Amino acid sequence: MQEVRNLLPGNIIQRASLQPWTIGLTVSQVLYNGNKTANNVRVAELQVMSGREALRNVGQGVLLDAVTAYMNVMANGALQESQRANVDVLREILATTKRRLNAGDVTPTDTAQAEARLSRGLADLNAAEVALAISKEIYAQVIGQPPSHLQAAMPVDRLVPVTQVAAVDTSIHENPAVLGAGYDVDVAQTSIKVAESALLPTVSLQGSASRTRDTDTSLTTTATDQASILGQVNVPIYDGGTAASQTRQAKEMTSQSRLVLEQVRNQTRTAVVSAWVTNEGTKIALKAAESEVHAADVALQGVRRENQGGQRTTIDVLNAQQDLTSARARQITAQRDRVIASYTLLSAVGRLDVHNLNLATPDYLPEVHYHQVRDAWHGLRTPSGQ
């Protein structure tokens, strides 16, 4: 605000308050920046894709941990029951041996041997109970609740390619670690274009408009309106070598990413082959363990009948019982290894997920979150409301 005083004849002072104002608007828009913006968007999109594969890889690890915890509880529970049955049988043998000792059919040595085997059986039962308790705690940690009403699990060979070569080829195209490393290579390659954009010219357009008003009536001009459009082209000439060094750095990072991709492929190939061989080995081991249990059971029955006829000693019966218990333990372990090996192979191939397993559980869909935040120009809240 301006105050103007005029001194008139007769010492009369005349005052006037002036309130001139000016308002203006300037808009700038970059028309071309060497495709830097588009390439930065592409880099962000590729990083999102890589992050999705990393998330899927973590999901596979969680599911495999859950399968391992589940089968450990099943196996240790079965081992506990087997050891408890073994203790019951050993107690029965000890009682029978003591009765025969009183009748004069056996010597105190037979009784001592039966007592020793019973003590070993009790120690084995205690070890099985401890292992079961530990496996239950690990189950609760992985699953989120204690185990209850567990059912026997089956291998998932139906979801795995039928040949080893097909499994390796599938892993190269479906394993999340390989796919994530591939997206990282794309990120590095696009980053080269981002760095090179600093060497290209930029074109921008600037428009401005303003309006000025002056309330001083003594002026010849009391209102002014202005508008202008300015086009600008900037061509980089010298920046101390910053853009060139950043471009070289991006190219070196791309070479490194390619080496990492090849390393991940080799590691995945090795993991698939190892998992395939292990899975096939567990099939043979399980069949052998089942045959061993059947033969050991038949042998125990025969030794018991021969012992009753006086052709076998107490130690023969105890050895046959120990052989059967050990065979059952190996069968239980083989059954656990068989299931875990099949899921491990499925994970190495890249198909261990909620969708392929057809699990009745909600699945996290990262693409939903992606589309909720894509092209969002403002707002601080996440899609979850935080």
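Take the Cβ-Cβ distance between Asp157 and Ser326 as r, set R0 to 35 Å, and report the resulting FRET efficiency rounded to the nearest 0.05.
About 0.80, to the nearest 0.05.
Could you give the alpha-carbon Rg of the chain over 2.2 N^0.38 Å, rounded to two decimals?
Working it through for the chain, the quotient is 1.92.
Could you tell me the relative contact order of the chain? Use alpha-carbon pairs under 8 Å, at least six residues apart, and round to a whole percent.
The normalised contact order for the chain reaches 26 percent.
Mind ordering 19-29, 370-380, 319-329 by average Cβ neighbours within 10 Å, highest first?
Working: 19-29: 10.4, 370-380: 8.5, 319-329: 20.1.
Final packing ranking: 319-329, 19-29, 370-380.
Along each principal axis of its Cα atoms, how long is region 317-369 end to end? Whole angstroms, biggest number first, please.
So the three principal-axis extents are 66, 22, 14 Å.
How much accessible area per residue does region 219-358 have, counting only protein heavy atoms and a probe of 1.4 Å, in square angstrom?
Working: 8310 Å² over 140 residues.
Ligands and nucleic acids excluded, the result is 59 Å² per residue.
In a shell of Cβ-Cβ distance under 13 Å around Lys193, excluding Lys193 itself, what net charge do Lys and Arg (+1) and Asp and Glu (-1) give?
With Lys, Arg at +1 and Asp, Glu at -1, the neighbours total +1.
What three numbers, in Å, describe the spread of the alpha carbons of region 274-327 along their principal axes, ordered from the longest?
51, 15, 11
With labels modelled as points extended 7 Å from the Cα through the Cβ direction, what inter-label distance (nm, one decimal) is found for Thr107 paired with Ile143?
5.2
Run the reach check for Lys193 against aspartates and glutamates, Cα to Cα strictly under 16 Å, same-chain hits fewer than 8 apart removed. What comes back?
List returned: Glu45, Asp184, Glu252.
Against the longest alpha carbon principal axis of the chain, how many degrees, from 0 to 90 and to the nearest 10, is the axis of helix 108-143 turned?
20
Over all pairs of distinct alpha carbons, what does the Kirkwood formula give as the hydrodynamic radius of region 141-253, in Å?
22.4
What Kirkwood hydrodynamic radius, in Å, does region 13-133 give when the mean of 1/r is taken over all pairs of distinct Cα atoms and then inverted?
22.9
If you take every residue apart from Thr254 with its C-beta less than 12 Å away from the C-beta of Thr254, what net charge results, scoring Lys and Arg +1 and Asp and Glu -1?
Computed value for this residue: +1.
Once phi is turned into θ = phi - 60°, what whole-Hz ³J(HN,Hα) does the Karplus curve with 6.51, -1.76 and 1.60 give for every residue of region 360-365, x standing for Gly and Pro?
Calculated HN-Hα couplings, in order: 7, 8, x, 10, 6, 10 Hz.
How much length is gained if the chain between Val235 and His355 is pulled fully straight, taking 0.36 nm per residue apart and subtracting their Cα-Cα distance, in nm to one decimal? Could the numbers behind the result be given before it?
On the way: separation 120, 0.36 × 120 = 43.20 nm, distance 5.28 nm.
That works out to 37.9 nm of additional length.
Between helix 36-103 and the chain, what is the angle of the helix's C-alpha long axis to the longest principal axis, kept within 0 to 90° and rounded to the nearest 10?
Taking Cα atoms only, the helix is inclined about 20 degrees.
For Leu259 and Glu115 in the same chain, what is the full-extension length gain: residue separation times 0.36 nm, less their Cα-Cα distance, in nm? Could you put the intermediate results ahead of the total?
Values: separation 144, 0.36 × 144 = 51.84 nm, distance 6.39 nm.
That pair, Leu259 and Glu115, stretches by 45.5 nm at full extension.
Let me check I've understood the local charge: for Leu94, count other residues with C-beta under 13 angstrom from its C-beta, Lys and Arg +1, Asp and Glu -1. What total comes out? Walk me through the intermediate numbers first.
Values: positive: Arg91, Lys98, Arg99, Arg100, Arg117, Arg120; negative: Asp88, Glu92, Asp110, Glu115.
Its environment carries a net charge of +2.
How big is D for region 72-152, in µm² s⁻¹ as a whole number, if Stokes-Einstein is applied with the Kirkwood radius of its Cα pairs at 37 °C and 0.692 mPa s?
It comes out at roughly 227 µm²/s.
Just the number, please: carbon plus sulfur as a percent of the accessible area of region 188-340, 1.4 Å probe, no ligands or DNA/RNA counted.
Looking at region 188-340 in its full context, I get 53 percent from C and S.
Quick one: if you stick a label point 7 Å off each Cα along the C-beta vector at Thr22 and Glu92, how many nm between them?
Placing both labels 7 Å along Cα→Cβ, they lie 10.9 nm apart.
Give me a comma-separated list of calculated 3J(HN,Hα) values for region 262-276, in order, Karplus coefficients 6.51, -1.76, 1.60 applied at θ = phi - 60°, integers in Hz, x for any Gly or Pro.
5, 5, 5, 4, 5, 5, 5, 4, 5, 5, 5, 4, 4, 5, 5
How are the C-alpha pair distances of region 229-328 spread across 5 Å bins, as whole percents from the shortest bin up?
2, 10, 9, 8, 7, 6, 6, 5, 5, 5, 5, 4, 4, 4, 4, 3, 3, 3, 2, 2, 1, 1, 0, 0
The values are calculated or read from the model by the stated rules, or taken from the named source; none is laboratory data. On a predicted model such as this, the values are computed, not experimentally measured, just so you know. Note that each Cβ is placed from the backbone with ideal geometry, even for glycine, and that neighbours are counted across all protein chains shown. These area figures cover heavy atoms from the full protein model, side chains too; ligands, DNA and RNA do not enter into them. Shrake-Rupley method; radii C 1.70, N 1.55, O 1.52, S 1.80 Å.
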